[in-house]
Structure formats: structure tokens, C-alpha cells
Amino acid sequence: MYTVSAGVRSTRNEDGGTVLDTDQGQMFRLNPVGALILESIGRGCAEMEIVREISRRYSVGETTAAADLREFITSLEEHKLVRSAPEDKVS
């Protein structure tokens with residue numbers, strides 16, 4: 001499971017979202033799927049819950065949604081916007 005880093009502030013709208021990392025002094029814009037993912041992580045959703053929601057909302061297969069989710073989470077981790085406990089990661 002992942003958590004949003006403490007210094008992250010975000011807003012979401014129909015066009016996606018905006019993320020401010022107050023610790024790093026960086027701002028990011030997200031598309032609607034990215035905003036959904038970050039919001040879901042903030043609510044404590046597990047990866048599989050997020051995959052199912054992406055698949056349902058955007059009519060894509062769960063395999064595609066899972067691959068895209070993992071790629072996006074890797075990017076969020078690289079930018080220090082989310083973090084995970086190693087024992088909670090799904091292999």
C-alpha cells in the first residue's frame with residue numbers, strides 16, 4: 001500500500017488535477033487518470049481497487065490499467081510524492 005507524502009497538497013477537477021509538493025517546492029499537473037490515482041492513494045485504496053476503478057471508468061482492461069498504474073506510481077515515487085512500505089508492495 002502507498003501513502004501520499006506529508007508535504008503534498010492537491011486539487012482535482014474535471015480536467016485532472018494539480019499537485020504541490022511543499023517539501024520539494026515543485027508543482028505538477030495531472031490528467032484525470034493521474035488525479036484519480038493520487039486521490040485513491042490518499043484514501044488508502046489498494047492497488048487492485050485502483051486498477052478496477054480505472055478499468056471501469058475508462059473502459060480499459062485490468063491488465064492495461066495495472067501496467068499503467070505501476071508506471072505512474074513509479075513516477076510518483078521518483079518525485080517523492082508517494083511512499084510505500086516494502087512489505088506492503090504487491091509483486
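Some points to look at:
- Taken over the stretch 50-80, residues that are under 13 Å from the mean Cα position of the chain (by Cα) and of a type in the set (Val, Ile, Thr) amount to 5.
- Residues within the stretch 47-67 that are part of a loop (DSSP other than H, G, I, E, B) and either surrounded by 13 or more Cβ atoms within 10 Å (Cβ to Cβ) or among the acidic types (Asp, Glu) (or both), tallied: 1
- Residue 76, sole failed condition from (1) touching a residue at least 12 places away in the same chain (Cβ under 8 Å); (2) in a helix (DSSP H, G or I); (3) of a type outside the set (Phe, Trp, Tyr); (4) touching a helix residue (DSSP H, G or I) at 6+ places or on another chain (Cβ under 6 Å): (4)
- Residue check: residue 21 meets all listed conditions (1) closer than 11 Å to residue 2 by Cα; (2) touching a residue at least 40 places away in the same chain (Cβ under 8 Å) but one, namely (1).
- Any hit, the stretch 39-46, residues being assigned to a helix (DSSP H, G or I) and in contact with a helix residue (DSSP H, G or I) (Cβ under 7 Å, 6 or more places away or on another chain): yes
- None of 70, 9 is without any contact (Cβ under 8 Å) to a residue 60 or more places away in the chain, assigned to a helix (DSSP H, G or I) and among the basic types (Lys, Arg) except 70.
- A Cβ distance below 7 Å, combined with a sequence gap of six or more or placement on separate chains, defines the contacts here; from the stretch 54-65, residues that are at pLDDT 95 or above reach residues that are part of a helix (DSSP H, G or I) and polar (S, T, N, Q) in the pairs 61/55; 62/55; 65/55.
- Positions within the stretch 31-42 being without any contact (Cβ under 8 Å) to a residue 24 or more places away in the chain and under 15 Å from residue 5 (Cβ atoms), in sequence order: none
- Positions within the stretch 12-25 being surrounded by 13 or more Cβ atoms within 10 Å (Cβ to Cβ) and not in a loop (DSSP other than H, G, I, E, B), in sequence order: 12, 16, 17, 18, 19, 20, 21
Residue-by-condition table, conditions (1) in contact with a Ser or Thr (Cβ under 7 Å, 6 or more places away or on another chain); (2) over 17 Å from residue 84 (Cα atoms):
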| position | (1), (2) |
| --- | --- |
| 15 | no, yes |
| 19 | yes, yes |
| 33 | no, yes |
| 38 | yes, no |
| 45 | no, no |
| 61 | yes, yes |
| 67 | no, yes |
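The values are calculated or read from the model by the stated rules, or taken from the named source; none is laboratory data. What you see is a predicted model, and the numbers here were worked out from it, not measured in a lab. Glycine gets a Cβ as well: all are built from the backbone with ideal geometry, and neighbour counts include every protein chain shown.
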